[in-house]
Amino acid sequence: DLFLGGTHTTTTLLEWTMAELLHNPPILAKAKQELSKIPPHQIVQEQDISRLPYIVAVIKEALRLHPIAPILVPHRTEQEVEIHGYTIPKHTQVFVNAWSILRDPTHWDDPASFKPDRFLNSDIDFRGKDFKYIPFGAGRRICPGSSLAMRMVSLMVANLVHNFDWELPNGLKPEDLDMNDGLGMTLHKHEPLVVIPVNHVA
């Protein structure tokens with residue numbers, strides 16, 4: 001179950017990130033520009049990621065708009081508590097709506113738009129310390145694979161963008177790419193992403 005959970009969520013995040021890049025050509029161009037510091041015949045390595053803040057920002061923003069688990073792992077109150085005037089009885093099962101938190105306009109400017117720059121020069125992190133940004137949850141029940149997932153997806157996205165150009169099939173325009181959510185426990189794309197890689201590394 002852990003293996004399936006880890007691979008499915010990672011590939012879903014990779015698909016959403018690539019979809020957002022192809023849907024937003026200026027952002028893809030900016031990502032390619034950042035990757036130009038890596039020699040053209042070189043594979044992006046893990047140690048390179050620290051020099052690629054825009055790539056990391058792109059992935060963080062993809063996670064904000066498309067949290068893989070829109071409803072986090074349920075919690076249960078151990079005692080009666082009052083929150084903002086609401087009484088929550090003891091042993092109440094509580095579900096945290098991460099999707100809503102990550103699009104809350106009181107915390108995010110233009111929350112429905114894909115803007116990786118919001119994470120540049122920012123200390124907002126995915127490890128559960130910023131409660132406005134909890135794509136992996138927070139506290140003791142935070143996703144145990146969050147750091148590994150971010151490293152893996154950062155490397156995959158960086159190499160896909162660095163080593164290939166990408167085309168949409170059948171003359172599809174970037175603005176017409178389907179960006180609707182599918183239904184399920186994980187927030188996958190309604191229509192799978194189909195793209196054509198063009199190798200530009202000799």
GNM of the chain, Cα pairs under 10 angstrom: of TYR54, TYR133, TYR86, the biggest fluctuation goes to TYR86
Count of lysine pairs, the chain, Cα-Cα under 15 Å, sep. 8 or more residues or interchain, comes to 4
Expected max-MSF residue from GLY171, GLY85, GLY137 in the GNM of the chain (alpha carbon, under 10 Å) is GLY85
Across LYS173, LYS90, LYS37, the residue with the highest GNM fluctuation in the chain (Cα network, 10 Å cutoff) is LYS90
Taking a ≥ b ≥ c as the square roots of the eigenvalues of the Cα gyration tensor, with a/c under 1.5 meaning rounded and otherwise prolate when a/b exceeds b/c and oblate if not, segment 156-202 is oblate
Summing -39500 (n - 2.57) over every DSSP H run of at least 4 residues in the chain and dividing by its residue count gives a helix-only mean residue ellipticity at 222 nm, to the nearest 500 deg cm²/dmol, of -11000 deg cm²/dmol
Expected vector for segment 160-170, Karplus 3J(HN,Hα) from phi with 6.51, -1.76, 1.60 and θ = phi - 60°, integer Hz, x for Gly and Pro, equals 5, 6, 6, 9, 9, 9, 10, 10, 8, x, 6
Quick calc: nm separation of the 7 Å Cα→Cβ label points for ILE43 and GLU191 -> 3.4
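Throughout, read-outs are computed from the coordinates displayed, never taken from laboratory work. Everything quoted here is computed from the prediction, not taken from an experiment. In this analysis, Cβ positions are derived from the backbone assuming ideal geometry, glycine residues included, and neighbour counts consider all displayed protein chains.
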